[in-house]
Amino acid sequence: MGRRRKRYKRIVKKVRRIPSVYQCPQCGSRSLTIEIKSEAGTRIAYIRCGHCGLKVLAENIPEIYETPDIYGKFIDFYTGSEETNVSFKFIESEELSTEVAEEEDIEGT
Ligand SMILES: [Zn+2]
């Protein structure tokens, strides 16, 4: 009675795996990539979906941010649920060469 045979040790190695591909909030496909770049002392990131062609430029990225943090902020931005300290801009694929001058106000709030 009362057998207790579940005595195995679970060794969980904490490997911090940062997935480089995320789920796209626009099309739901797992084809969203985030690429961080450092330019002139500031960090920016390109968020791109290989499925629906969503392109977003993220600016003012704090140094401690990794791609999951940026993804989290991006989702906040996309859903409009939160104000973010990182600024995101949608990039029209045809306007890549043109400068994106204006920041759009986020609707909602
Ligand atoms: Zn997509």
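List of remarks:
- Single residue of the range 48-74 satisfying the filter (hydrophobic (A, V, I, L, M, F, W, C) and assigned to a loop (DSSP other than H, G, I, E, B)) that is nearest to residue 90 (Cα to Cα): 54
- Residue ID - farthest from the ligand (Cβ to nearest atom), chosen from residues in the range 46-59 that are farther than 19 Å from residue 80 by Cβ and not charged (D, E, K, R): 46
- Cβ-Cβ under 6 Å pairs, at least 6 apart or on other chains, the range 4-32 side modelled with pLDDT of 75 or more, far side near the ligand (Cβ under 9 Å from one of its atoms) and outside any loop (DSSP other than H, G, I, E, B): 22/32; 24/32; 24/49; 31/49; 32/49
- Residues of the range 61-101 classified as touching a Lys or Arg at 6+ places or on another chain (Cβ under 9 Å), at pLDDT below 75 and surrounded by fewer than 16 Cβ atoms within 10 Å (Cβ to Cβ), total: 4
- Going through (1) within 17 Å of residue 22 (Cβ to Cβ); (2) surrounded by 13 or more Cβ atoms within 10 Å (Cβ to Cβ); (3) modelled with pLDDT under 95 one by one, residue 55 falls short only on (3).
- Scope the range 25-44; condition away from the ligand (no atom under 16 Å from the Cβ) and not in a loop (DSSP other than H, G, I, E, B); matching residues: 36, 37, 38, 39, 42, 43, 44
The values are calculated or read from the model by the stated rules, or taken from the named source; none is laboratory data. Just so you know, these numbers come straight off a predicted model, no measurement behind them. Positions of Cβ are backbone-derived with ideal geometry, glycine not excepted, and every protein chain shown enters the neighbour counts.
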